[in-house]
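S.K.: First, the structure itself, so that you have it in front of you.
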Amino acid sequence: MLSDTLQVLPEWQALREQLLGEPPWRVLMVAGPVNAGKTTLARWLTEQVNERYRTFFLDADPGQSLVGPPTTLALSNFPLESDRWLRLRFIGYISPEGHLLQMLSGLVRLVEAARWHQAQRLVIDLPGHMPNDAGRELLFQMLDVLRPDYIVVLQREDELEPVLRCFRWSRRPRIIRLPVSEAVQERDRWVRSDYRRERFRRYFAEAELRRLSLQARGLHGIVPVLTNPEAVRHRLVALCDAQGFARALGIVVHFDAARQMLALWAPPFRAREIATVQFGRFRLDPAEVGLMHRRSATSKGD
């Protein structure tokens, strides 16, 4: 189980009692700006509510993911572990900006997956709110499409109020505003970058150089010109099953056009389960995650 030194505010305890004592609800979102303590609160709520109801956690922050590697959204059940998840959706970048469609579709599919897994409650940890037109529209669309029962908002000022006003007359979501804890420590861009690098290192710890045939497999996402070596080199991709969930991430090395074969660094996967390859915009140097000394392998089935 993940653990932190945690300062539980009285407002958190009051929210806990409200969530355990009120009529049934299904989905709760935690929103707020960067460095507001959203993930800490969302994780704590998941643990508390899970004492009474089967509660799942949806990590919807592709840049500072608690569960799953960066560039993804992950669905997990309790106890929460950073390297264990039930379903994974690939966004393709470390920020939702420029990938709003992937964010929305990923959230919808993971909420459906939580229902399929018979979750009684679902807590969604949203990415840090972007204070621009794209960020406001993303938050509006997430609330409009998913219609959560609750949105718990952490704000230092009124960062999210322009969006929340759009739902003031709606029955859902019910808006709960909480202060940002004074114990929250701000992390600068370098600390956040180091955190992502370490998360990638952990994910690719068992990776080897593998080959995957693209014959009879679909390609989607931000697909580059495959015959251009520089366009594909170090591109991060997701190897997806027939339902569009990522079974593994890979770092592309090169593409053999004659054989329609993709060479990539990836952890073990079953080639027969891969229906599509989703290309992202993010590039990851294998040397940064300690891969260049590894030996090669051929993935099963290819």
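S.K.: Place the peptides 284-292, 230-238 in order of packing, highest mean first, counting for every residue the other Cβ atoms within 10 Å and averaging per peptide.
M.R.: Highest to lowest by the protection proxy: 230-238, 284-292.
S.K.: Hey, got the dipole for the chain? About the Cα centre, +1 on K and R Cβ, -1 on D and E Cβ, debye to the nearest 20?
M.R.: Working: 43 positive and 35 negative charges, 208 e Å.
Charge dipole of the chain: 1000 debye, to the nearest 20.
S.K.: Using the per-residue mean of other Cβ atoms lying within 10 Å as a proxy for protection, in what order, highest first, do the peptides 239-246, 209-216, 24-31 fall?
M.R.: Result, highest mean Cβ count within 10 Å first: 24-31, 239-246, 209-216.
S.K.: Ignoring ligands, DNA and RNA, what percent of the accessible area of the chain is carbon or sulfur (1.4 Å)?
M.R.: Carbon and sulfur atoms account for 47 percent of the accessible area of the chain.
S.K.: OK, next. Taking one equal scatterer on every alpha-carbon of segment 154-302, how large is log10 of I(q)/I(0) by Debye at q = 0.12, 0.14, 0.15 1/Å?
M.R.: Here log10 of I(q) over I(0) equals -0.65, -0.76, -0.81.
S.K.: Next question. Would you mind working out the magnitude of the charge dipole of segment 157-302 relative to its Cα centre, with +1 at each Lys and Arg C-beta and -1 at each Asp and Glu C-beta, to the nearest 20 Debye?
M.R.: 500
S.K.: Classify segment 61-128 as rounded, prolate or oblate, taking a ≥ b ≥ c as the square roots of the eigenvalues of its Cα gyration tensor: rounded when a/c is under 1.5, otherwise prolate if a/b is larger than b/c and oblate if not.
M.R.: In terms of gyration-tensor shape, oblate.
S.K.: Oh, and also: For segment 146-163 and segment 37-66, what is the centre-to-centre distance using only Cα atoms, to the nearest Å?
M.R.: Centre-to-centre distance over Cα atoms comes out at 16 Å.
S.K.: Taking the simple approach of a point 7 Å from Cα along Cα-to-Cβ for both Arg26 and Leu100, what is their distance in nm?
M.R.: 2.5
S.K.: Sticking with this structure for a sec: Please report, in whole Å, how far the alpha carbons of the chain spread along each principal axis, starting with the longest.
M.R.: Result for the chain: principal-axis Cα extents of 61, 38, 37 Å.
S.K.: How many times 2.2 N^0.38 Å is the alpha carbon radius of gyration of segment 1-69? Could the numbers behind the result be given before it?
M.R.: Numbers: Rg = 12.4 Å, N = 69, 2.2 N^0.38 = 11.0 Å.
Relative to the rule-of-thumb radius for its length, segment 1-69 sits at 1.13.
S.K.: Next question, about the same structure. Could you do me a favour and compute the accessible area per residue for the chain, 1.4 Å probe, result in Å²?
M.R.: 48
S.K.: Another question about this same structure. If amide hydrogens are placed 1.01 Å from N in the peptide plane, which non-local residues have theirs closer than 5 Å to the one on Glu208?
M.R.: Ala266
The values are calculated or read from the model by the stated rules, or taken from the named source; none is laboratory data. This structure is a prediction, so every number in the text was calculated from the model and none was measured. Every residue, glycine as well, gets a Cβ built from its backbone with ideal geometry; the counts of neighbours run over all protein chains shown. In case anyone asks, the SASA skips ligands and DNA or RNA and just uses the protein heavy atoms, side chains included. Shrake-Rupley method; radii C 1.70, N 1.55, O 1.52, S 1.80 Å.
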